[in-house]
1. Mind listing whichever residues of region A:1-36 are outside any strand (DSSP E or B) and closer than 20 Å to residue A:202 by Cβ?
2. Given the structure, is residue B:105 within 30 Å of residue B:167 (Cα to Cα), within 14 Å of chain A (Cβ to nearest Cβ) and at pLDDT 85 or above?
3. Report, by residue number, each residue of region B:121-132 that is surrounded by 15 or more Cβ atoms within 10 Å (Cβ to Cβ) and more than 9 Å from chain A (Cβ to nearest Cβ).
4. Please go through region A:91-131 and pick out each residue that is more than 22 Å from residue A:187 (Cβ to Cβ) and not hydrophobic (A, V, I, L, M, F, W, C).
5. Given the options B:85, B:40, name the one that is free of Cβ contacts under 8 Å to residues at least 12 places away in the same chain and not basic (Lys, Arg).
6. Got a number for residues in region B:1-58 being under 18 Å from residue B:101 (Cα atoms), aromatic (Phe, Trp, Tyr) and surrounded by 12 or more Cβ atoms within 10 Å (Cβ to Cβ)?
7. As an exercise: evaluate residue A:131 against (1) out of contact with any Cys (no Cβ under 9 Å at 6 or more places or on another chain); (2) on the phi < 0 side of the Ramachandran plot and give the number of the one condition it does not meet.
8. Yes or no: region B:136-146 includes at least one residue that is buried (at least 18 other Cβ atoms within 10 Å of the Cβ), within 14 Å of chain A (Cβ to nearest Cβ) and closer than 20 Å to residue B:174 by Cα.
Amino acid sequence: MKAALEVRNLSYRYPQNGRLALDQISFSVAEEECVGVLGPNGAGKSTLLLHLNALLPERIVSTPAIWISGEPIGSHNLQLIRQRVGLLFQDPDDQLISATVFEDVAFGPRQLGLEGPILAALVRQCLGQVGLAGFEERQPHRLSHGEKRRVCLAGVLACKPSLLVLDEPTSDLDPRGRREFKSLLQTLPGAKIIATHDLELVVDLCARVVVLDEGKIVAQGPTVPLLSDEPLMLAHGLEKPHSLLHRHPHGPGMPLR
Amino acid sequence: MHQAAPGIKLVAAVLLVTFTALLPRHLTWLYLVPTVILLVLWPVCRMPIIYGLRRLLVAELFIVGIGLLTLLHPTAAPLFLSALVKSNLCVLAMLLLTWTTPFQQVLQQLRRWYFPTVMLSTLALMCRYMPVLGEETRRMTRARASRTFSSKRVVSWQNVALIIGQLFVRSADRAERIYLAMCARGWK
């Protein structure tokens, strides 16, 4: 299967303090595959995600380390890469920059040259896709946290990305908001990378996980066997998810969902 | 007045402010022209009196500050008075404009008039992030108050200074993240 993303020997050192944030990272994501990126705070998850959108390093190096649908990231194709990779930031307030929901969802497509009725139809379609039809004239600062996150997702979807990269998509959401957002993510086509501490989300959505610690990949493989490895999880600041911990009393071997 | 085209309201407000600013440096009957227009428009726009007066009062501190500078001039008194009246009239004109026209409509109109994109983006971002900064300030003030056990005025001023400093640092960090988020969606 063709890889939606391929990362080969990616390393990054922060110029401010010289700390090695990513150390020889290599992994790939197939089309339509959903991969979880796990790790304790400071493991390098967010730094890795910024690289996937060509936001880091500050100066694109001549030797590529990341390929998006076979296209190596270089200084000549930044706009194409950013259109193909939809990045959802952790704090919705960082991403919602416009005064109305419509303007915000339209921000990305406008950069791609869309205007007029085509743009309006696309914005409506994306808002409908995230369950916010009719929110066009609402002001972002008057929305709930869950609604803000959905608007952010609509803004990303409006650029028609082939790879969705989500940074802590369920943080700060209440259980209902988390459940709804998870259902929404399940309906979205295309490859997805989810960096999160929400292990239940990973169990439900991701077929495969990559575990990062101190900038290195310490484990990668199918979700359930890897997350069931309690010593590995504890060694890297994680925990075995509850759904894998507790077995259903009437169905031995069946994880509770 | 709320239904009127934003372009007309914007042009009218700018003309009125320009006319007021160009009035002579001493009070003459010409000052009655913008005064009467604004006093007639006030009830027409249905702007509550208290709302208008409160906002004028906030601006008054700056207006009086500017007015005081004119006292350095030999013919101080008439200059001070005219600066005071001019500034109040201009602020009132802008208050009526913002009361009747949502900021988003003003920006759209300016975009139609081909104002520089960078300037409009800056204004739009300012409008968007004012409530976010306000909320952040409230959260920090509450958190600081919960750990402040002294009623001394010095302590409270120190807290205000700390909050302002923190707000600057956090705003700079947020600005960095906003810029990255904009780049991620194709901002050039």
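The values are calculated or read from the model by the stated rules, or taken from the named source; none is laboratory data. Quantities reported herein were computed from a predicted structural model and do not represent experimental measurements. Cβ placement follows ideal geometry from the backbone for every residue including glycine, while neighbour counts extend to all protein chains displayed.
1. Initially, region A:1-36 is screened for residues outside any strand (DSSP E or B), giving A:1-2, A:14-19, A:31-33.
Within region A:1-36, A:31, A:32, A:33 qualify.
2. Numbers: within 30 Å of residue B:167 (Cα to Cα): yes; within 14 Å of chain A (Cβ to nearest Cβ): yes; at pLDDT 85 or above: yes.
Against the criterion (within 30 Å of residue B:167 (Cα to Cα), within 14 Å of chain A (Cβ to nearest Cβ) and at pLDDT 85 or above), residue B:105 qualifies.
3. So in region B:121-132, the residues surrounded by 15 or more Cβ atoms within 10 Å (Cβ to Cβ) come out as B:121, B:123-125, B:127-129, B:132.
Hit for region B:121-132 is B:123, nothing else.
4. Residues satisfying the conditions are A:91, A:93, A:94, A:98, A:100, A:103, A:110, A:111, A:113, A:115, A:116, A:117.
5. On the way: B:85 fails: free of Cβ contacts under 8 Å to residues at least 12 places away in the same chain.
Of B:85, B:40, the one residue that is free of Cβ contacts under 8 Å to residues at least 12 places away in the same chain and not basic (Lys, Arg) is B:40.
6. 1
7. (2)
8. Keep residues of region B:136-146 that are buried (at least 18 other Cβ atoms within 10 Å of the Cβ), which gives B:136.
Among the residues that remain, those that are also within 14 Å of chain A (Cβ to nearest Cβ) are: B:136.
Add one more test, that the residue is closer than 20 Å to residue B:174 by Cα, and what stays is B:136.
For region B:136-146, residues buried (at least 18 other Cβ atoms within 10 Å of the Cβ), within 14 Å of chain A (Cβ to nearest Cβ) and closer than 20 Å to residue B:174 by Cα: present.
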